[in-house]
Amino acid sequence: MPQLSVIIPVYNNSSGLRKVLWSLVNQDFDKILYEIIVSDNGSTDKTLDVAKEYADEYPQLVRYVIENKIQSSYAARNKGIIIAKGKILVFTDADCIADKDWLKNGFSSMTQSSVSMVAGRIKFTYKNSEPNIWEYYDSAEKLNQKSYVKNAGFGATANLFVRKKMFDKYGLFLPEFQSGGDYEFGRRLTQLGEVLLYAETSLVYHPARFTFRDKLAKSKRVAKGQKMLERMGLLNHGQLNWRQLILTKHYPSLPGINIRIDEKIMLVLINNFFRYYNFFKRL
């Protein structure tokens with residue numbers, strides 16, 4: 001019986017799924033101790049073929065399930081949770097790549113009986129050696145798990161370990177969310193006293209958004225999720241305020257990366273655009 005069940009929701013991302021599965025079957029961790037569950041959310045490309053390929057090659061390690069009734073990564077995660085055999089459920093995304101020690105270090109952090117959840121580090125990667133303007137902006141906004149754990153009481157599902165009994169006790173992810181469901185779930189548990197830790201050494205890599213279209217799609221999902229959280233009274237920061245429409249000269253920055261003056265001007269414009277976009281999408 002596996003100790004860990006790794007659950008990967010996926011929709012139309014065959015190339016990403018292949019990469020994350022390769023990183024998972026090559027973990028520096030005993031394969032007897034974990035299983036991998038691909039939860040396909042009704043893909044129409046070759047994604048399911050990749051899942052079947054890995055399930056055939058690693059029948060004791062990889063399984064797949066299909067969730068095509070509800071178009072939501074959280075519905076797909078729930079489908080994986082239901083069939084999972086492990087006592088600890090591990091979540092990542094189909095566009096991530098796991099460090100070879102990811103499971104080993106995450107599992108080690110879960111050995112304390114008082115710990116209900118562990119959120120690991122998420123590090124951005126770029127297509128080339130240096131980020132383009134969209135990658136810079138996306139990664140400068142950060143997926144700062146350490147801050148999420150310390151200041152907001154949740155961990156992003158790109159890198160999250162949860163005891164399965166937490167879902168038995170408190171319920172599954174809310175499937176109506178397309179973004180923000182991890183925030184709702186984490187807050188649901190931590191506000192009731194469950195312990196969430198941050199694990200710096202449990203690392204996954206996440207590609208930064210490469211194009212405007214990619215970034216816009218992400219921003220649309222995030223704004224929808226924030227709107228739902230606000231309606232539920234769960235989002236206690238970043239509430240809508242008309243002062244947010246005042247133009248700013250500031251932009252998110254990345255330490256250690258030098259940018260030209262024209263790139264700084266572009267980042268200011270991009271930052272103001274997405275501030276406005278987020279505001280009006282949440283009305």
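What follows is calculated from the coordinates using simple rules that are stated; it is not laboratory data. Keep in mind it's a predicted model, so treat the numbers as computed, not measured. So basically every Cβ, Gly included, is an ideal-geometry build from the backbone, and we count neighbours across all protein chains shown.
Since only Ser14, Tyr126, Thr92 are under comparison, the one whose Cα sits farthest along the positive direction of the charge dipole of region 1-144, derived from C-beta charges on Lys, Arg, Asp and Glu, is Thr92. For Arg221 and Ile261, the FRET efficiency from 1/(1 + (r/R0)^6), where r spans their Cβ atoms and R0 equals 45 Å, is about 0.90. Once backbone amide H atoms are built at 1.01 Å from N, Ser39 has Ile8, Val10, Val65 as its partners under 5 Å, excluding neighbours fewer than 5 places away on the same chain. In a simple Cβ point-charge model (Lys, Arg +1; Asp, Glu -1; nothing else charged), region 22-116 has a dipole of about 420 debye relative to its Cα centre.
Here the calculated FRET efficiency for Asp45 and Val65, from their Cβ-Cβ distance with R0 = 22 Å, stands at 0.80, rounded to the nearest 0.05. Axis of helix 14-25 versus longest Cα principal axis of the chain: the two differ by about 50°, to the nearest ten degrees.
For region 145-227, the set of GluC sites (Glu not before Pro) satisfying both a DSSP loop assignment and a count of at most 14 other C-beta atoms within 10 Å is given as Glu176.
Could you tell me how many degrees, from 0 to 90 and to the nearest 10, lie between the Cα long axis of helix 212-231 and the main elongation axis, the longest principal axis, of the Cα atoms of the chain? Compared with the principal axis, the helix lies near 80 degrees. For the chain, averaging the sequence separation of C-alpha pairs within contact (under 8 Å, six or more residues apart) and dividing by the residue count gives a relative contact order of 20 percent.
Selection among Leu24, Ala140, Val115 by position relative to the dipole of region 1-149 gives Val115 as farthest towards the positive end (Cβ unit charges, Cα centre). List the pairs from Lys19/Lys85; Lys123/Lys146; Lys85/Lys165; Lys150/Lys249; Lys19/Lys100; Lys227/Lys281 whose alpha-carbon separation is above 20 Å, in the order I gave them. Long pairs (Cα-Cα over 20 Å): Lys19/Lys85; Lys150/Lys249. The magnitude of the dipole of region 4-213, with charges of +1 and -1 set on the Cβ of Lys/Arg and Asp/Glu and taken from the Cα centre, is near 480 debye. Compared with the alpha-carbon gap, the fully stretched path from Asp214 to Lys146 is longer by 22.0 nm at 0.36 nm per residue. Using only Cα atoms, find the angle between the long axis of helix 261-281 and the longest principal axis of the chain, and express it within 0 to 90 degrees, rounded to the nearest 10. Compared with the principal axis, the helix lies near 70 degrees.
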